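Quick note: the coordinates plus some simple rules give every number you see, no bench work behind them. Worth saying up front: this structure is predicted, and the values here are computed from it rather than measured. No Cβ is skipped: glycine too gets one built from the backbone with ideal geometry, and neighbour counts run over all protein chains shown.
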Amino acid sequence: EEVARVIGYDNLAEHKTLVELEKPKIQIEQILENRTKKFLALAGGFNEVFNYPWAGEKTLKMLGKNAKIIEVGNPLSVENSALQNSLIPNLIKNTEDNLRYFDEFRIFELARVYLPEFNKLDSKFQDKLPNQPKILAGVVVTQKDKNAFLELKGVLESLFKKILVTHYSLHITKPEQNYLDGERYLSIIINGEELGWLGELKEGVYSQ
């Protein structure tokens, strides 16, 4: 632009640029994300939150997630010393912050977590980046006379219907996470594989 200004725009010859257009590719993952976020924000009454992709080692250990974490080189603080391997720690922190102002609210996050699992590209090379799957997690906070667990279960079933997930089941099991109530927990099974869970936090669980 600066060179054109020196030469003068009137002194530049006009040329027609031919651009070959292609049909946009259908991005299934992006479509699914957009439908999920739209449903949760509109029909589900959730607010989306955006967190930094790290959490404190102290928080991860307290939530029973001290194994298999990726430490951050030269962290800004102790609270930002590891990459998150779960969305739960930051969502609990979001919940604490919101409880100072609201008695009822719903929040969700759809973001990547970072797992120290490296996939081999071929026999000679290995990908040095951690496995970074996208995870959906949410929190429902209600008054004591309401049942947040059942509300969240209803939202999940409605979401599955919206995004056309039909072959799933909810199993009553005991949680492996020590920060969840043992009586209110359901594992989400899709095609024979556990892909998620619903649970209620124990009293006294805090991120700090």
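Worth pointing out:
- Added length on full extension, which subtracts the Cα-Cα distance from 0.36 nm per residue, Q143 to L115: 6.5 nm
- In this structure the amide hydrogen of E200, modeled in the peptide plane, comes within under 5 Å of the amide hydrogens of D181, R184, none closer than 5 places in sequence on its chain.
- For the chain, the relative contact order comes to 16 percent (Cα pairs under 8 Å, sequence separation of at least 6).
- With R₀ fixed at 22 Å, the C-beta to C-beta distance from E183 to I163 puts the FRET efficiency at about 0.15.
- Axis of helix 28-42 versus longest Cα principal axis of the chain: the two differ by about 60°, to the nearest ten degrees.
- Residue list for segment 158-190, given a label point 7 angstrom along the Cα-to-Cβ vector of Q27 and an amide N cut-off under 20 Å: 163
- K58/T173 FRET efficiency (R0 22 Å; Cβ-Cβ; nearest 0.05): 0.20
- Per-residue ³J(HN,Hα) for segment 85-96, Karplus 6.51 cos²θ - 1.76 cosθ + 1.60, θ = phi - 60°, Hz, x for Gly and Pro: 9, 7, 7, 4, x, 5, 5, 5, 5, 4, 5, 4
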